[in-house]
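Following: one structure in C-alpha cells, then a few remarks.
The values are calculated or read from the model by the stated rules, or taken from the named source; none is laboratory data. All figures in this text were calculated on a predicted structure; none of them were measured in a lab. No Cβ is skipped: glycine too gets one built from the backbone with ideal geometry, and neighbour counts run over all protein chains shown.
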C-alpha cells in the first residue's frame, strides 16, 4: 500500500489555476479531470478508488496558498470600445473572401468564380458547380473547423494534425464520389450539353479543393492568409483574362488550378508542422466509432447550413421552366439582389465575433463571483446581457441594410455604372430588401448557435438549421410557383426567422439555466 507516501506534488498539479477545493468530493473530481481513473488509484497509488484517494488528499487543502480564481483580468484586456472594434474586424475577416468575390463581381464584372458577362447557360453551369462544391465540402469543412480547433485549443497538436488529415481525406473521397455520380447522371439523362456540363464539373472539382484547404486555415483562425489567397486568385484571374486575353471561364480555371496547387502545398505544410514540432505526445487517435459519433452533428450541420443558404436560388431558377431551355436557368436580377444582400451579411457577421468574446468574458468573470447557492443571480446577469446585445444587434443590422442601399444608390446617381444600375431594374431591389432582412435574422441565429456550440450543445444547433432548411424549401417552392420566381426569397426569409426563433429559444433556455449548461459542457 502506498497510502502514506507524499502526494503533495500531485495535489499541487491538480489544483493549479483552479483555486481552493471545498471538500473531498471536489478533490476527487479534480483527480478525474487530471486523468486519474479508479484503476490508476488502485495500481499506482494503492487506494480503493478515486474517491478514497480524494478523501486522503484533503489533508493538503490547508497546506498551500491559492492564487486568485479570477478567469478574466479586465486590467490586461483592452478598453471596451477597442476590444469590440478589434473583434468586429476579426469577424469581418472571417467573411472577407466572400467580400472579395462579390466586390470584384459587382465592380469590374468578374471574380474568381463568377462573372456578370457570361452567357446565361455558362453562368448557370458555374453557379451549379459552386453550389455543389459548397454543399459537398461544407460538412467536412465544418468538422475540420470544429474538431481540429478543439484539439489545437487543448494543445494536442499530434491529434489535431492526424484528425485534420483524416477529415480532409474524407472530404476528398466525398468530392470524388459525388463527382462520379454527377458524370453518370449526365451520361444517362443528358442534364446539360457537354460543354456546359464540363464547366460545371470544372468549377465543382476546383472549388471543392479550394474550400477544403481554406477550412484548414479557418481551423488555425488564420483569416489574413485566407484573404491573401483569395486576392492572389483574383490577381491571377485578372492577368489571365485582361493581360493574356484568355476568355472566361477558362481564365478562372487557370487561376483556380494555380491557386489550388499553392494552397494545398501550404496547407499540407501547416498541418504536418504540427506533428513535426511535437515530440511528447503519443500517436493514438480516437476510435473510429467515437470519432464518427462526435463528428456527425458537425457534418450534418455543415451540410444543412449550405443547403439552407443555396436552396432559394435553386428554387427561383427552376421556376417557370416552360419558358426556359433547361430545367434550371440562372436569373440575373434575382442573383444580383442576393449578392448585394450578401454585402450586408458580411458586415453583420462582424457582430458574431464580438458576441462570443464579450459573452465569454462576462460568463468567466461572473462564474467565480457567485457562490453555488447564488446561481440564479449568475443566470440573470448573463441573460440580461444577452437581451441587451440582441437589442443592439437589431439597430446594427438595420443600419447596415440601409447603409448598403444608400451606397448603391449614390454610385448609381453619380457614376451611372451599369453593373450597379441593374440593381434598380426589374425585381432586384425587392430581392435585396427581403434577402438582407433574411440574413439579419440568420446572423442573429448564428450567434445563438455559437453559444450552443460553446457549451457542447450541437444537437440544439442541428435541430435549428434542419427545420429552417426544410421550411425554406417548402415556402420557397409554394410562393415561387404561385406568384413568380422572385418570391422564392420569402422561403429564405421565413426559414431565417424560424432558424432565429428556434435557436433563440434554445439559447434562452440555456441562459435561464446557465449554471447547469456551463458546468456540464466540460
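Among the residues of the stretch 216-255, count how many are more than 17 Å from residue 95 (Cβ to Cβ) and part of a helix (DSSP H, G or I).
The qualifying residues number 17.
Pull up the stretch 14-32, narrow it to residues that are touching a helix residue (DSSP H, G or I) at 6+ places or on another chain (Cβ under 8 Å) and in a loop (DSSP other than H, G, I, E, B), then point me to the one that is modelled with the highest pLDDT.
23
Report yes if some residue within the stretch 419-440 is crowded, with 16+ Cβ neighbours inside 10 Å, under 23 Å from residue 298 (Cβ atoms) and modelled with pLDDT of 85 or more; otherwise report no.
Checked against the condition, which is being crowded, with 16+ Cβ neighbours inside 10 Å, under 23 Å from residue 298 (Cβ atoms) and modelled with pLDDT of 85 or more, the stretch 419-440 yields at least one hit.
Taking the criterion of being over 23 Å from the mean Cα position of the chain (by Cα) and free of Cβ contacts under 8 Å to residues at least 24 places away in the same chain, would at least one residue in the stretch 433-440 satisfy it?
no
Checking the structure you have, find out if any residue of the stretch 278-298 is at pLDDT 80 or above and touching a helix residue (DSSP H, G or I) at 6+ places or on another chain (Cβ under 7 Å). Break it down into steps so the answer makes sense when it comes.
Looking only at the stretch 278-298, we keep the residues that are at pLDDT 80 or above, and these are 296-298.
Keeping just the survivors that are touching a helix residue (DSSP H, G or I) at 6+ places or on another chain (Cβ under 7 Å) gives 297-298.
The answer is yes; a qualifying residue exists.
When the stretch 464-508 is examined, which residues are found to be more than 19 Å from the chain's Cα centre (by Cα), buried (at least 24 other Cβ atoms within 10 Å of the Cβ) and more than 17 Å from residue 431 (Cα to Cα)?
Matches in the stretch 464-508: none.
Just for helices (runs of 4 or more DSSP H) wholly inside the stretch 115-193: which have at least 2 residues that are modelled with pLDDT of 90 or more?
The helices (runs of 4 or more DSSP H) meeting that bar are 120-143, 157-189.
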